[in-house]
1. Please state the charge dipole magnitude for chain A, taken about the Cα centre, from unit charges on C-beta atoms (+1 on K and R, -1 on D and E), reported in debye and rounded to the nearest 20.
2. Using θ = phi - 60° and the Karplus relation 6.51 cos²θ - 1.76 cosθ + 1.60, list the HN-Hα couplings for the range B:91-101 in order, rounded to whole Hz, with x at every Gly or Pro.
3. Find how much the distance from residue A:39 to residue A:14 grows on full extension, using 0.36 nm per residue of separation minus their present alpha carbon separation; answer in nm with one decimal.
4. From the residues A:10, A:182, B:180, which one has its Cα farthest along the dipole of the protein assembly as shown in the positive direction, the dipole being from +1 and -1 charges on Cβ of Lys/Arg and Asp/Glu about the Cα centre?
5. Springs between alpha-carbon pairs under 10 angstrom, Gaussian network model over chain A: which of A:18, A:184, A:50 fluctuates most?
6. Hey, for residue B:49 with labels 7 Å out along Cα-Cβ, what do the inter-copy distances come to in nm, ordered shortest first?
7. May I ask you to list the lysines whose Cα is less than 22 Å away from that of residue B:126, ignoring any residue fewer than eight positions away on the same chain?
8. Give the calculated FRET efficiency between residue A:72 and residue A:177 to the nearest 0.05, with a Förster radius of 35 Å applied to their Cβ-Cβ distance.
2 protein chains.
Amino acid sequence: MLYAMGRWEPNTRERLVRAAVELFAEQGYDMTTVNEIAERAGTTKTTFFRHFPDKREALFAGQDTHSRLLADAVAAAPDTATPLDAVGVALDALTAAFPPERRAFAARLRVVIAGNDELRERAAFKRAGLAVALTDALQQRGVPDPTADLAAELGVLAFYRAFDRWVDPADDPATDQTFTDLARQALRELRAALPEL
Amino acid sequence: MLYAMGRWEPNTRERLVRAAVELFAEQGYDMTTVNEIAERAGTTKTTFFRHFPDKREALFAGQDTHSRLLADAVAAAPDTATPLDAVGVALDALTAAFPPERRAFAARLRVVIAGNDELRERAAFKRAGLAVALTDALQQRGVPDPTADLAAELGVLAFYRAFDRWVDPADDPATDQTFTDLARQALRELRAALPEL
DNA sequence: GGAAGTGATGTGACTTGGTAACGTCACTGT
DNA sequence: ACAGTGACGTTACCAAGTCACATCACTTCC
């Protein structure tokens, strides 16, 4: 599989993602055509759609694995774990997929997504997918109906609250905590806020 | 403003919605073109896009008001109300917009939406919008940060769990409860499940 | 009561996202 | 050597969505 000297440049997929993020940041999402992205990546429109089902998905590629990370971790949690314990383990597993090197890229990505409704829509869909994955995994281990929904929603909420803090340099300028740490902290906060409802 | 005998048939918007739902149910969402919808409604593609920003939105028109119903109700809740109390009041206000006559239509709509990813994506976006509206309204009345998020997410969860029961004839075949009753019941269930986390 | 204006619609041309059929060629395994 | 295989390019096409412009019932103002 040595394509290094092949007919085409390697890492086509990665080049497409980089080109897409760059162009979206430069000119905005809807002012950028798939042809432009492909051209900057040194390829063509058809190849773009061979790698991604649609234009938006270039920014969300790889997130399909997140649901599996959550589900597997919940399934592997000890039988004695409460629903929120299992959710905590799942968040540990998911956040482990976000090493500090990815932080700057995630930050740029977030800005681009926040600036366009089509992208925010896709983001909402992905978020809903995470919640469904958590709910299903919890029900699989015997957690009854309303409780599983609640725990899943709470876990997803903790994940995104932690993501915001991880990416946003405004809070905690010096500490530079791990995503996993932030997620644990967010989950503790939410748990502590439950009696306030 | 008497258009009854005007150049065109009245109620264009409503005719477009009906045509869209019919065609989507008959042939599926992606097998139906906007031209077909417009033709069945006795108009043209351009007019369709004058009424709806995109093809999907024909099925979600009017839901923009739901966020405002929630926000206004939360703002109007008495100062003594807890976050979950305010959410309960908001759900009462929102569910009041779903009279029993709309149930059959809502049921057909739900089947169509569930059958297509683009539509499910839009639905997830709308759902996220409801959560944001609730969160903002709660924060406006002084509910602190993590608690507002929690209460909003819980309220949205209750709404959709109640919606499922309202629409699905499988459960409670005889009782035929009001959407508002079902929402209150769902909220109580979730509240009762909190200690199980 | 006639003229100018308004608002919802139709027409046609256009851009772009997305699909599909087909050809090309480096690389792989036999 | 030789028949795959897989990733890519080329071309043509369909449908979503935009835009500029024309039409005409109805309204308003003089």
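1. Magnitude of the dipole: close to 620 debye.
2. 5, 4, 5, 5, 5, 5, 7, 10, x, x, 4
3. My answer for the length gained is 7.6 nm.
4. A:10
5. In this elastic network of chain A, the residue with the biggest mean-square fluctuation among A:18, A:184, A:50 is A:50.
6. With the label placed 7 Å along Cα→Cβ, residue B:49 yields 1.8 nm.
7. Candidates past the 8-residue exclusion: A:55, A:126, B:55.
8. Working from the Cβ atoms, E equals 0.90.
The values are calculated or read from the model by the stated rules, or taken from the named source; none is laboratory data. Keep in mind it's a predicted model, so treat the numbers as computed, not measured. Please note: Cβ atoms are built from the backbone with ideal geometry, for glycine as well, and neighbour counts cover all protein chains shown. These accessible areas exclude ligands, DNA and RNA; they are computed on the full protein's heavy atoms, side chains included. Shrake-Rupley method; radii C 1.70, N 1.55, O 1.52, S 1.80 Å.
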